[in-house]
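Colleague: This is the structure I have questions about; it appears just below.
Derivation of every value follows stated rules applied to the coordinates shown; laboratory data play no part. In this text the structure is predicted, and so the values were computed from the model without any measurement. Counting neighbours? That spans all protein chains shown, and the Cβs are built from the backbone with ideal geometry, glycine included.
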Amino acid sequence: MHVRAEHLVLPAFIAESVLAGGNAVGVRFSNRELDPLWGAGFRFTLAALLLGSVMAVLRLPFPGGRALAGAIVFGALMFGGSFGLAYYALVRIHAGLGQTLLALVPLATLLLAVAQRQERLRAAAMVGTLLSLVGVGLISGLSERESVPLLSLLAALGAVFCFAQATVLVRHFPPVHSVTLNAIGMATGAAVLVALALVFGQSIVLPERAETWIALAYLVAIGSGVVFVLYVFVIRLWSASRAAYGFVLTPVVTVLLSAWLDDEPITAGLVFGGILVLAGVYVGALRSAPGSVPAPTALEERPSSEPV
C-alpha cells in the first residue's frame, strides 16, 4: 500500500497544484456578488457538508482526543486564519504582491519544520524557493510601485505563517483520514470566517446569479474537496516543505487560466517567470535521490487497512 502510494504522490502534487489554480478565478466570480469573508465562509461550509457526506458513505470514524484537536487546529490555521488574514491584506495590497508573498510559503514551511525538528535545513530548498519567488514576482508584475500599509503587509505575512504552520503542525498529531481531517478542518475554518464576516459587518446573503453558483460549485467540489484532500495525501509522503511548493505553481496556472477565460495577455514576465518557477520547484521539491521519503511521523504511522 505504501509503495503504491509513493508512485501516486507526484501525480497528486501536480493535480492539486493545477486544480488549485482555478480557485482564484472562481473566487473572482464569487466576489462579484458575495462579500469576500462571507463568500469564503459559505464556500467552506458547503465543502465541510460535502466531505461530511463522503465520510458517512465511506463510514469513516470520527476522531477523538489529540486527533480531533489536531484537525480543529489545522482547520483554524489553514482555512480560518490564512483566508481571514489574506482577505484583510488584499483589501489594500495589489494582487501581484499578494501572490508573491504567498510564494514564501515553502521557505516559511521549511524554516518552521527545521525549528520544530521535522526536517534539516536544505540548501536546495532555499535555492528553489528563491528561484520561485523571483519567478512569481515576474509573473505578478511587481515592477509597479505601490504603497503598502504596514498592517496589510503583516496580515499577508501572517497568512503565509498560517499556511506554513498548518502544513507542519498536521504531522505532529495522530493520523486522521484525509477526508475526515478536511471535513472537520473546513467546518472549523468556516466558523472562523463567518464570525469575522459578522464582525466586519458583511452581508450574509445567498447568491442569486447563476455564474456565482457555478463558481461556488468548482470552489466547493474541486477547489476545496479534491485539492485539500490531495494536499494532505502529499503531506503524508513528502516532507512539509516539499509539499508546500504547490503554492508557487498555483499562480502560474491561475494566470494561464485567466489568459484563457478572461483574454488576459501572455506577457514576457509570464514566460520567463514561469520558467523560473518550474526551475525552483524542480530544485527545491522534485530533484531528490530515489526513495528520499521523510522518516515516518505520527501522520504516517497508520494501520494498512485504513483507506488513504
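Colleague: Between Leu198 and Val57, what length comes free when the chain is fully extended (0.36 nm per residue of separation minus the Cα-Cα distance, one decimal in nm)?
Modeller: 47.4 nm
Colleague: Hey, another quick one. For each of Arg236, Arg43, Arg92, count neighbouring Cβ atoms within 10 Å of the residue's Cβ, then give the residues from fewest to most.
Modeller: Arg92, Arg236, Arg43
Colleague: Please give, to one decimal in nm, the separation of the simple spin-label points placed at Val127 and Leu8, each 7 Å out from Cα toward the Cβ.
Modeller: Calculated label separation equals 3.3 nm.
Colleague: Follow-up question, since we're still on this one. Mind sorting Glu208, Glu119 by how few other Cβ atoms lie within 10 Å of their own Cβ, fewest first?
Modeller: Glu208, Glu119
Colleague: For labels at Ala221 and Val205 in the simple 7 Å Cα→Cβ model, what's the distance in nm?
Modeller: Label at Ala221, label at Val205, 2.6 nm between them.
Colleague: Considering only the other residues whose Cβ falls under 15 Å of the Cβ of Val226, what net charge follows from Lys and Arg at +1 and Asp and Glu at -1?
Modeller: 0
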